[in-house]
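Quick notes on the structure that follows.
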Amino acid sequence: MQVSIKLINIDRFQEIEFPKLEGRTLIGFCAPTHGFNLPPIMLKFIWNFPRIKQTDVFILNTRAGMKLSKLFLPGLSGFAQFYAAIVLMVKGYKIRGMQPLDLPSNWISLHPGLKQKVVESLFERHERITKKFAERILTGGSKYKALLSLPIDVLLFPVAFGYYIIGRFAIAKTFYADNACTRCRQCEKQCPVTAIKMIQGRPYWTFSCESCMRCMNNCPERAIQTSHTFSIVAWYLIFSLFLPWVLRKFYGLDFIQINSHSWLANRIEDIIIWGIGLLIIWLLYFLTHYLLRFHFFNNIISYTSFTKYKFWRRYGPVNSKL
């Protein structure tokens with residue numbers, strides 16, 4: 001069977017010319033899971049994708065796979081499959097396939113990269129799964145493997161929603177370049193959402209960062225770190241000490257009083273608290289970025305970050321220094 005394929009890469013998505021398709025067509029939307037959802041860049045792409053008559057689609061998401069001894073542990077898709085499926089069905093598409101793939105977990109700001117043998121075994125296993133899925137879809141069949149995890153994925157909706165509106169912005173302010181940075185600007189050039197800018201001669205991560213880890217994995221000097229200890233201490237001081245003190249001091253409120261309000265009032269106050277917290281995080285991050293120019297301060301931040309140490313594995317080219 002001969003198949004004509006057109007691949008659209010939405011990396012650094014600005015304005016993409018959508019394909020002009022005629023006749024019976026199959027379209028696949030493939031993306032990683034991000035915060036138990038599809039990445040915002042992919043959500044935007046699907047939302048703006050034009051209606052095309054007589055078109056079937058399939059959705060394939062990669063998610064954080066792990067392995068315990070010989071047991072493969074499935075990742076969690078959350079709303080990655082179902083939100084996309086709902087939007088596409090509303091647009092008039094027919095969903096022919098929904099397939100998750102458990103590839104190596106890449107969130108190396110939170111955990112070390114997987115060992116090479118585990119990575120290879122995950123790829124080998126899911127290469128077979130991908131081929132079977134492709135054969136099934138291309139021969140006119142359907143497959144909805146993603147529906148098996150529907151109960152768990154629905155329970156993750158609050159987490160996915162919270163991460164989308166708040167969590168990803170806070171995490172964006174945990175990345176920095178240490179003294180090993182050579183200002184090669186590879187991180188800035190390769191960022192898929194153009195979230196990294198050079199400020200004062202040093203990479204600066206904006207709120208647009210989606211924690212894809214491309215910069216950390218591809219940095220030739222292993223100079224990009226996640227400020228674990230510094231971030232944990234800063235967030236604790238902001239959300240557990242400073243903001244409660246402000247509420248009591250200026251508004252006569254405390255968390256006991258807040259919890260006595262209605263559910264809606266609590267959520268509004270949560271949003272206000274997190275909004276103020278994100279503003280403080282931004283100000284603190286900007287100050288930290290300025291102080292990183294001083295080697296002594298830079299070393300303090302670096303050596304209290306787990307990613308600085310060799311045991312915290314990264315994924316990268318074989319010929320790199322990683």
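Just so you know, all these numbers are worked out from the coordinates, no wet-lab data involved. Quick caveat: nothing in here was measured; it's all calculated off a predicted structure. When we count neighbours, we look across all protein chains shown, and the Cβ atoms used for this are built from the backbone with ideal geometry, even at glycine.
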What nm distance separates the two modelled labels at Asn9 and Ile199, each placed 7 Å from Cα along Cα→Cβ? 2.9
Relative to a virtual label point 7 Å from the Cα of Leu148 in the Cα→beta-carbon direction, which members of segment 72-104 show backbone nitrogen distances below 20 Å? 72-83, 85, 96-104
Scan around Leu101 for amide H atoms under 5 Å from its own, H built in the peptide plane at 1.01 Å from N, and keep only partners 5 or more places away or cross-chain. Asn61, Thr62, Arg63
Label-reachable residues, segment 157-183, where backbone N falls under 20 Å from a point 7 Å from Asp270's Cα toward its Cβ: 157-172
Excluding exposed DSSP-loop trypsin sites (Lys or Arg not before Pro) (at most 13 other C-beta within 10 Å), longest clean stretch of the chain: 186-292
Could you check the spin-label model distance between Phe311 and Val159? Points 7 Å from the Cα along Cα→Cβ, value in nm. 2.6
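Report the full-extension gain for the segment Asn48 to Ala180: residue separation times 0.36 nm, less the Cα-Cα distance, to one decimal in nm. Spell out each step's value before the answer.
Numbers: separation 132, 0.36 × 132 = 47.52 nm, distance 4.11 nm.
Contour length minus Cα-Cα distance gives 43.4 nm.
Normalising by the residue count of the chain, find the relative contact order in percent from Cα pairs under 8 Å and 6+ residues apart.
On the way: 442 pairs, mean separation 52.1, N = 322.
Relative contact order comes out at 16 percent.
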Would you list the membrane-span-like helices of the chain, meaning whole DSSP H runs whose alpha-carbon atoms span at least 20 Å along their axis and whose mean Kyte-Doolittle value is at least 0.0? 263-291
So what is log10(I(q)/I(0)) for the chain at q = 0.08, 0.14 1/Å, when the Debye sum runs over its Cα atoms only? -0.45, -1.23
Restricting attention to segment 108-215, which chymotrypsin sites (Phe, Trp or Tyr not before Pro) occupy a DSSP loop and are surrounded by at most 16 other Cβ atoms within 10 Å? Tyr144, Phe207
Exposure rule at most 12 other beta-carbon atoms within 10 Å, DSSP loop GluC sites (Glu not before Pro): the chain longest free segment: 23-322
Within the chain, cysteines having no neighbouring cysteine beta carbon under 4.7 Å are Cys30, Cys181, Cys184, Cys191, Cys209, Cys212, Cys219
Lysines whose Cα lies under 17 Å from that of Lys44, excluding same-chain neighbours fewer than 8 positions away: Lys91
Residue-by-residue Karplus 3J(HN,Hα) for segment 146-161, coefficients 6.51, -1.76, 1.60, Hz, glycine and proline x: 5, 5, 5, 9, 4, x, 5, 5, 5, 5, 7, 4, x, 5, 4, 5
GNM, the chain, Cα, under 10 Å: largest mean-square fluctuation among Ala170, Ala80, Ala134? Ala134
Please list, by residue number, everything in segment 161-191 whose backbone N is under 17 Å from a paramagnetic label point 7 Å out along Cα→Cβ of Leu279. 166, 170
